Amino acid sequence: MNTAQMFGHCAEVQEVANGKDLVGTPLIIRLFGRLIRKMVLSGRPYSRNARTHPQYIQASERDFEMEKLRLLAALDSFVDAGPRPLKHPLFGHLSAEECGWSCLKHLDHHLTQFGV
């Protein structure tokens, strides 16, 4: 994954947090949703090369500026909506704090990983 693909990945994750549908969840991921939720909400950092949902994979080439703007727009939408609970398609109900923490943790993981 290059930086443009990482921006696309983070934008897609953020768009789901903003209410976009999460489609094509494999059965194995649905079965382990509660365990994944626990890992996402913990204070422990994500491990490198952890598997991701198929919808979040960015295998094709991406335009850096376009994906950066897409991510910034998704973050603006999240902030503009204000703190609120979320019914996540995989993790179930998240409090406003859990939602904010999971978004921050994910974005920080990738921005740090790529030195952006």
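Any read-out appearing in this document is the output of simple, stated calculations on the displayed coordinates, not a laboratory observation. Here the structure is a predicted model, which means the values were calculated and not measured. So basically every Cβ, Gly included, is an ideal-geometry build from the backbone, and we count neighbours across all protein chains shown.
Below is a table of values for the structure above.
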| read-out | value |
| --- | --- |
| Which numbered condition residue 61 misses (of (1) within 15 Å of the chain's Cα centre (by Cα); (2) closer than 20 Å to residue 2 by Cβ) | (1) |
| Among (1) farther than 21 Å from residue 8 by Cα; (2) without any contact (Cβ under 8 Å) to a residue 40 or more places away in the chain; (3) among the basic types (Lys, Arg); (4) out of contact with any helix residue (DSSP H, G or I) (no Cβ under 8 Å at 6 or more places or on another chain), the one test that residue 51 misses | (1) |
| 1 or more residues surrounded by 14 or more Cβ atoms within 10 Å (Cβ to Cβ) and aromatic (Phe, Trp, Tyr): qualifying helices (runs of 4 or more DSSP H) within the stretch 24-113 | 64-81 |
